[in-house]
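First comes the structure, then the notes that go with it.
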Amino acid sequence: MSELHVRWRSQVIAVGSYLPEKILTNAALAATVETTDEWIVERTGIRQRHIAADGEMTSDLATEAAKQALSHAGIPAEAIDMIVVATATPDETFPSVATKVQHKLGMTRGFAFDVQAVCSGFVYALAVADNFIKAGQVTNVLVIGAETFSRLLDWTDRGTCVLFGDGAGAVVLRAEKAQNSKTDRGILATRLHSDGRHHDLLYVDGGPSSTRTVGHLRMKGREVFRHAVTNLTAVVGDTLADSGFMPADIDWIVPHQANRRILEATATKLGMNVDRVIVTVDRHANTSAASVPLALNVAVNDGRIKPGDLLMFEAMGGGFTWGAALVRW
Ligand code: UT7
């Protein structure tokens, strides 16, 4: 049965985001680690990143993004049935960031939990929420991607510390009766993948059950890059095929923002013009699970994404994990 034939459709009714105040430029980084603005811009497209203040936690970023999304949706926190937070940088090992957000929003009803798929986290969280809606179990859902990756970085490793930033983005999903037509608004298809064989290419060398510490991010960048372009192109193609669309039908790709060259190579392999890709990596760097909703928020607010547009969210991260979601705005 085609993914288009469902009773309930998850409509994305609002988006919000939050970026910490402090901006760290490439030039400022070059004063502390052996790198240059030219190298970072040429190899990644990144010019700056936001860094959370001391004491500012992932749940704080997530709560601000959630408040903005709720305000845009015009619904109170009490109307939310479920909160899913995608994060790999929780405030504490437990409880979840999602329950902290629930409390900070003043909610005492519904349920909240985290999803951990690193940079693919937002796409995973969206797929989880979509399936709860399709099952008829919830009506209004907050899906949030929030990270403080600055806390995981080895600031002496120039191969990784220049790449990441902090931030949060959130969407409100609402269950609407599906018309089961290609013009339905909302989430039309999702696809998730993982392959644990690639652990050593991108991981954090610490954790409660291994080292009892938080650890630092470690990455073999060149190999991750190669896998990213191959996997992302395949998952976008499969997600389109699931729902009977073609690459030419996509108005905007809203990708995970790891590296401008990955975004351009993926679009080119799909036969799409790079002008159709929303790029925020220059301002936000790689914010892991937060990058897709942060990019979505930028392009909705500047008027590029309009009601009825067909959007493709796609992401790849540690695990490896990867996935895509086809959404009519
Ligand atoms: O979000 C999860 C997914 N993550 C990603 O998708 C990241 C994927 N990978 C990448 O974005 C790129 O591979 C990087 C940006 C990490 C690296 O770019 P690259 O073109 O693959 O460079 P490289 O790792 O092959 O390194 C090229 C050279 C090396 O020097 P030698 O060995 O050729 O002498 C590095 O030591 O660049 C050097 N280098 C740097 N030089 C200046 C590495 N980092 C830096 C730096 N500044 N920050």
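Every number here is computed from the coordinates shown, using simple stated rules; none is lab data. Just so it is clear, the model here is predicted, and its values are computed rather than measured. Reconstructed Cβ throughout: ideal geometry from the backbone, glycine too, with neighbour counts over all protein chains shown.
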* Please tell me which of these pairs span more than 24 angstrom C-alpha to C-alpha: K67/K306; K67/K177; K22/K67? => K67/K177
* **For the stretch 217-222, Karplus couplings with θ = phi - 60° (6.51, -1.76, 1.60), whole Hz, Gly/Pro x** => 5, 10, 8, 9, x, 4
* Structure fact -> Simple SL model, points at 7 angstrom along Cα→Cβ for N273 and R261; separation in nm is 2.6
* Asked: In a shell of Cβ-Cβ distance under 10 Å around R218, excluding R218 itself, what net charge do Lys and Arg (+1) and Asp and Glu (-1) give?
  -> -3
* Structure fact -> Those chymotrypsin sites (Phe, Trp or Tyr not before Pro) from the stretch 126-155 that are DSSP loop and have at most 14 other Cβ neighbours within 10 Å turn out to be W155
* How many angstrom lie between the C-alpha centres of the stretch 251-329 and the stretch 34-50? -> 20
* Cα gyration tensor of the chain, axes a ≥ b ≥ c as square roots of the eigenvalues: rounded (a/c below 1.5), prolate (a/b > b/c) or oblate? -> oblate
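Once a ≥ b ≥ c are taken as the square roots of the eigenvalues of the Cα gyration tensor of the stretch 53-102, is the result rounded (a/c under 1.5), prolate (a/b larger than b/c) or oblate (a/b not larger than b/c)?
Working: a/c = 2.71, a/b = 1.60, b/c = 1.70.
Taking the square roots of the gyration eigenvalues as a ≥ b ≥ c, the stretch 53-102 is oblate.
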* To do: Take every Cα pair under 8 Å in the chain that's 6+ residues apart, average their separations, divide by the length, and report that relative contact order as a whole percent.
  => 26
* Return the lysines within reach of K220: Cα separation strictly under 27 angstrom, same-chain partners fewer than 8 residues apart disregarded; answer none if there are no such residues. => K269
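So what's the net charge close to E64: Lys and Arg +1, Asp and Glu -1, counting the other residues with Cβ under 15 Å from its Cβ? Let's see the in-between values first.
Working: positive: K22, K67, K100, K104; negative: E21, E56, D60, D91, E147, D166.
With Lys, Arg at +1 and Asp, Glu at -1, the neighbours total -2.
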* Asked: Taking the Cβ of A79 as the center, what net charge do the other residues with Cβ under 13 Å away carry, scoring Lys and Arg +1 and Asp and Glu -1?
  -> 0
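Given Cα pairs under 8 Å that are at least 6 residues apart, what percent is the relative contact order of the stretch 8-177? Each step should come with its number before you reach the end.
Details: 368 pairs, mean separation 61.0, N = 170.
Normalised by residue count, the contact order of the stretch 8-177 is 36 percent.
Do any GluC sites (Glu not before Pro) in the stretch 53-152 lie in a DSSP loop with no more than 14 other beta carbon atoms within 10 Å, and if so, which?
E92
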* Structure fact -> With R₀ set to 30 angstrom, the calculated FRET efficiency between the beta-carbons of V41 and M246, to the nearest 0.05, is 0.35
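Pick out, in residue order, every one of the trypsin sites (Lys or Arg not before Pro) in the stretch 58-125 that is DSSP loop and has at most 10 other C-beta atoms within 10 Å; say none if there are none. List each step's numbers first, then the result.
Numbers: sites: K67, K100, K104, R109; in loops: R109.
Taking the stretch 58-125 and a limit of 10 other Cβ atoms within 10 Å, the loop trypsin sites (Lys or Arg not before Pro) found are R109.
So for the chain: antiparallel DSSP bridges make up what percent, rounded to the nearest 5? Don't skip to the answer; put the middle values down first.
Details: 42 of 58 bridges.
About 70 percent, rounded to the nearest 5.
Compute the relative contact order of the stretch 234-279 as a whole-number percentage, counting only Cα pairs closer than 8 Å that sit 6 or more residues apart in sequence. Could the numbers behind the result be given before it?
Values: 33 pairs, mean separation 18.1, N = 46.
It comes to 39 percent, rounded to a whole number.
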* Structure fact -> Rounded to one decimal in nm, the spacing of the 7 Å Cα→Cβ label points at D282 and T213 is 3.8
* Asked: Non-local amide H neighbours of L105 (under 5 Å, H modeled in plane, Pro and chain starts lacking H): which ones?
  -> none
* Asked: By a straight-distance test (C-alpha under 14 Å), which aspartates and glutamates pair with K104 as possible cross-link partners, with residues fewer than eight away in the same chain excluded?
  -> E56, D60, E64, E78, D91
* Where labels lie 7 Å past Cα in the beta-carbon direction, separation of E176 and N131 in nm -> 2.4
* To do: Between the alpha-carbon centers of the stretch 79-127 and the stretch 225-241, tell me the distance in whole angstrom.
  => 27
